[in-house]
Amino acid sequence: IIIISSIAAIKGRPILGAYNISTAADVMIVKNIAAESGHKNIRANSIAPGLLKTDFAKGLWENPDILKAVLHTNPMKRIGDPDEIAGAAIMLSSKAGNYINGQTIVIDGGTIAAG
């Protein structure tokens, strides 16, 4: 099981509280699935991207003020591309990810690391 969540699950923000809380539930559900079903070789993980250039987030990255704020906190000074999430999903769903269970992989260009 791979759930696409968001860095909002692990980084508090003063806006979008309900969204942040719902993405935090994604992170916890994979931990619970791993704990409850790992003995059946059922694995569950989540991927927590930062801002990506998707239709879902278009209202954020098209807004110059929001984009400027995001780029200010991102060490790579850019937002992500959806294709940059694919590698983690492929790894988690392949033999290479067989022993990864109950984890969240953050793909955010370093936003969380930068604080």
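The values are calculated or read from the model by the stated rules, or taken from the named source; none is laboratory data. Quantities reported herein were computed from a predicted structural model and do not represent experimental measurements. Note that each Cβ is placed from the backbone with ideal geometry, even for glycine, and that neighbours are counted across all protein chains shown. These accessible areas exclude ligands, DNA and RNA; they are computed on the full protein's heavy atoms, side chains included. Shrake-Rupley method; radii C 1.70, N 1.55, O 1.52, S 1.80 Å.
Any idea which of (1) under 25 Å from residue 96 (Cα atoms); (2) open to solvent by 40 Å² or more (accessible area, probe 1.4 Å); (3) hydrophobic (A, V, I, L, M, F, W, C); (4) within 16 Å of the chain's Cα centre (by Cα) is the one residue 25 doesn't satisfy?
Here residue 25 meets the rest and fails (1).
List the residue pairs whose Cβ atoms are under 7 Å apart, where the first residue sits in the stretch 95-115 and is touching a residue at least 60 places away in the same chain (Cβ under 8 Å) and under 24 Å from residue 76 (Cβ atoms), the second is among the charged types (D, E, K, R) and not in a loop (DSSP other than H, G, I, E, B), and the two are 6 or more positions apart or on different chains.
107/84
For the structure I just gave you, tell me whether residue 60 is modelled with pLDDT under 95, surrounded by 16 or more Cβ atoms within 10 Å (Cβ to Cβ), assigned to a helix (DSSP H, G or I) and over 13 Å from the mean Cα position of the chain (by Cα).
Judged against the criteria, residue 60 is a match.
Just a yes or no: is a residue in the stretch 66-83 under 19 Å from residue 115 (Cβ atoms), among the small types (Gly, Ala, Ser) and in contact with a Pro (Cβ under 8 Å, 6 or more places away or on another chain)?
yes
How many residues are part of a helix (DSSP H, G or I) and either of a type outside the set (S, T, N, Q) or open to solvent by less than 80 Å² (accessible area, probe 1.4 Å) (or both) if we restrict to the stretch 72-115?
19
Are any residues in the stretch 32-53 farther than 19 Å from residue 94 by Cα and open to solvent by 40 Å² or more (accessible area, probe 1.4 Å), and if so, which ones?
32, 35, 36, 53 - these are the residues of the stretch 32-53 that are farther than 19 Å from residue 94 by Cα and open to solvent by 40 Å² or more (accessible area, probe 1.4 Å).
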